[in-house]
1. Give me the number: length gained by fully extending residue 7 to residue 98, i.e. 0.36 nm times residue separation minus the C-alpha to C-alpha distance, one decimal in nm.
2. Beyond 17 Å, what percent of the Cα pairs of segment 3-97 remain?
3. Which of 47, 93 has the fewest other C-beta atoms within 10 Å, and how do the rest follow up to the most?
4. Given an 8 Å cut-off on Cα distances and at least 6 residues of separation, report the relative contact order of the chain as a percent.
5. Can you tell me the length gained on complete extension of the stretch residue 15 to residue 50, counting 0.36 nm per residue apart and subtracting the Cα distance?
6. With label points built 7 Å along Cα→Cβ from the Cα atoms of residue 57 and residue 22, find their separation and express it in nm.
7. Does segment 82-145 classify as rounded, prolate or oblate by the C-alpha gyration tensor (a ≥ b ≥ c root eigenvalues; a/c under 1.5 gives rounded; else a/b over b/c gives prolate, otherwise oblate)?
8. With 10 angstrom as the radius, rank 34, 74, 3 by how many other C-beta atoms surround their C-beta, starting from the fewest.
């Protein structure tokens, strides 16, 4: 594993343990060149998945994009990081169990919205405002008016 500090190619694993939701392995590493310590995560990937975006554009599935979107929607909401990780892992599992090598970006967005709907009303509306491209305050009002029983399992 390449060191993020000095870019040396070799590091030594000092500690390994599963994450709290058992979807990844957390590894503490130490660079053999500069001695810096850093953490990596190893996750199972069942198959290579391509995301079909609008305009026939294709790109490889990137879990980090979902993590970033969820983090942004949930910013300052006081939601435990563990719950956000579970949401992202759940969406990734749904995508992988579809059995398809290509998935519509729209379908991924809907999966994320459903997860956020059950997690937090404000995060759900925040994500929807970007995902559904709200352009006026009226768009927010209409969507918020449809939100009922959000955050309840």
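Every read-out reported here was derived from the displayed coordinates using simple, explicitly stated rules and does not represent laboratory data. None of these values were measured; they are calculated from a predicted model. All Cβ positions, even for glycine, are placed from backbone atoms using ideal geometry, and neighbour counts span all protein chains on display.
1. In short, 29.0 nm is gained.
2. Pairs farther apart than 17 Å: 63 percent.
3. 47, 93
4. 16 percent
5. Here the answer is 9.3 nm.
6. Between residue 57 and residue 22, the simple spin-label model gives 3.9 nm.
7. Here segment 82-145 falls in the oblate category.
8. 34, 3, 74
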